[in-house]
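Trainee: Dropping the structure in here first, questions after.
Rule-based calculations on the coordinates, nothing more; no lab input. Computed from a prediction, not measured in an experiment: that's the story for all the values here. We place every Cβ from the backbone using ideal geometry, glycine too, and count neighbours over all the protein chains shown.
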Amino acid sequence: MRIGFIGLGHMGSAMATNLVKAGHDVTVFNRTPGRSQALLALGAHEATQIADACQGEVVVTMLSDDAAVADVAFANDGLVASLSRRAIHVSMSSISVEFSKRLAQAHAQAGQAYVAAPVLGRPDMAAAAKLFIVAAGDPMAIDTCRPLFDAMGQKTLPIGKEAWTANLVKLSCNFLQGAIIEALGEAIALISKAGIDRHAYVDLLTSTVFTAPAYKIFGGLIADDKFEPALFAAPLGYKDIRLWLAAGEGQRVPMPIASLLHDRFLRLFAQGGDQLDWAAIGGLAAHDAEAVQGAAKMSSSL
């Protein structure tokens, strides 16, 4: 299939690589130059402007947020202006529900199809073509894109005919992972301060009642207190929590745990944690406990 791929970050580069390896004719574009060399060596083509990536049947975007997608979708030579009628835009980014609705409307008015297909998984899963893909939109457009999804992921999960529903589901998954990170951080902080080996504790958890990958991945990072290099940067996690809160406000659904996570990210950023993996919010409880202990010792010595 002849496709364009826009967005060559950690995830996008791996996903585009798997499309090339699967035999698709891929033209890549990245707003920041210099990230396409490995793909070009595999046989991909490079677009010098957005319109050059819009000449095929499908264009895939894998970008950081609403603003980044808007820059490529609504530019003068952007997706809406450049895609042919009946071509498909597959947005695999984590974006807001409202912006996804805006994209769907703009593409429909231009006679184009729009599929939201955000992914579940970290860069190692992207490289191994083991992502889970949550897809929503016109069923025929999703079927057209199946060969692409099969090349990038281990399972595609259609969730509905309205594209924005896939974005809401993806945000819910990141909210739940954030809640897991915070809960693990608090539990590990307490058992560790009580003198229990944190690594043995995480091994116990993840080999018994909490065997899901999220507990293993984030439990290990928190136990090691190692949040660099960031595979999913904290500002991206914060962005998704804000979008989840906005969706909750739109539906008048209270989100007390999401509100807590929002403040935990602000606490992390206040201490200079902008470059860390989002799992770093799970390290805050231990650091706060150490600070409290230190303050208590200082007080008792006065």
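Trainee: Per 0.36 nm of contour for each residue apart, how much would the distance between Ser172 and Leu40 grow if the chain were fully extended, relative to their Cα-Cα spacing?
Mentor: Details: separation 132, 0.36 × 132 = 47.52 nm, distance 3.56 nm.
Value of the extension gain: 44.0 nm.
Trainee: Pick from Pro33, Pro123, Pro158 the residue whose mean-square fluctuation is largest in a GNM of the chain, springs joining Cα atoms under 10 Å.
Mentor: Pro33
Trainee: How much of the DSSP beta bridge set in region 116-199 is antiparallel, as a percent to the nearest 5? If you can, show how the numbers build up before the last one.
Mentor: Numbers: 3 of 9 bridges.
Percentage antiparallel, nearest 5: 35.
Trainee: Using modelled backbone amide H atoms (1.01 Å from N, in-plane), which distant-in-sequence or interchain residues come within less than 5 Å of Gly4's amide H?
Mentor: The list, which skips near neighbours in sequence, is Thr27, Gly56, Val58, Val59, Val60.
Trainee: If the cut-off is a Cα-Cα distance under 24 Å, which lysines reach Lys21, setting aside same-chain residues fewer than 8 apart in sequence?
Mentor: Candidates past the 8-residue exclusion: Lys130, Lys155.
Trainee: If you don't mind, another one. Which whole-Hz ³J(HN,Hα) couplings does region 195-207 yield from phi under the Karplus relation 6.51 cos²θ - 1.76 cosθ + 1.60, θ = phi - 60°, glycine and proline marked x?
Mentor: My calculation for region 195-207 gives x, 8, 4, 5, 5, 5, 5, 5, 4, 4, 4, 7, 9 Hz in order.
Trainee: Taking the Cα centre of region 48-161 as the origin, how large is its charge dipole in debye, to the nearest 20, when only Lys and Arg (+1) and Asp and Glu (-1) carry charge on their Cβ atoms?
Mentor: Details: 9 positive and 11 negative charges, 72 e Å.
Here the size comes out at about 340 debye.
Trainee: Kirkwood Rh, Cα Rg: Rg to Rh for region 106-190? Before the final figure, lay out the partial values.
Mentor: Values: Rg = 15.7 Å, Rh = 14.2 Å.
For region 106-190, the value is 1.11.
Trainee: Per the Kirkwood treatment, what hydrodynamic radius in Å, one decimal, follows for region 242-286 from the mean inverse distance over all distinct Cα pairs?
Mentor: On the way: mean 1/r = 0.0879 Å⁻¹.
Kirkwood radius, region 242-286: 11.4 Å.
Trainee: If you don't mind, there's one more thing I want to ask. Here are some values of Cα Rg over 2.2 N^0.38 Å: (i) 1.10; (ii) 1.40; (iii) 1.14. Which one was computed from this structure?
Mentor: (i)
Trainee: For Lys193, which lysines qualify as cross-link partners when the Cα separation must be under 20 Å and same-chain residues fewer than eight apart are set aside?
Mentor: List returned: Lys226, Lys297.
Trainee: In whole Å, what are the Cα extents of region 39-82 along the three principal axes, biggest one first?
Mentor: Principal extents (Cα only, largest first): 30, 21, 18 Å.
Trainee: Quick one: plug the Kirkwood hydrodynamic radius of region 2-161 (C-alpha pairs) into Stokes-Einstein at 20 °C, 1.002 mPa s, and report D in µm²/s.
Mentor: Reported coefficient: 142 µm²/s.
Trainee: Okay, next question. Return one quarter of the surface area of the convex hull spanned by the alpha-carbon atoms of region 168-301, equal to its mean projected area, in nm². Could you put the intermediate results ahead of the total?
Mentor: Values: hull surface 36.9 nm².
Projected area, direction-averaged: 9.2 nm².
Trainee: Charges at C-beta only: +1 for Lys and Arg, -1 for Asp and Glu. How large is the resulting dipole of region 142-298 about its Cα centre, in Debye rounded to 20?
Mentor: Values: 14 positive and 17 negative charges, 58 e Å.
Dipole of region 142-298, to the nearest 20 debye: 280 debye.
Trainee: Most fluctuating residue of Ile196, Ile188, Ile281 in a GNM of the chain with Cα springs under 10 Å: which is it?
Mentor: Ile196
Trainee: Moving to a separate point now. Cut-off under 16 Å on the C-alpha distance; same-chain residues fewer than 8 positions from Lys161 excluded. Which lysines are left, in chain and number order?
Mentor: By straight Cα distance, Lys161 reaches Lys101, Lys170.
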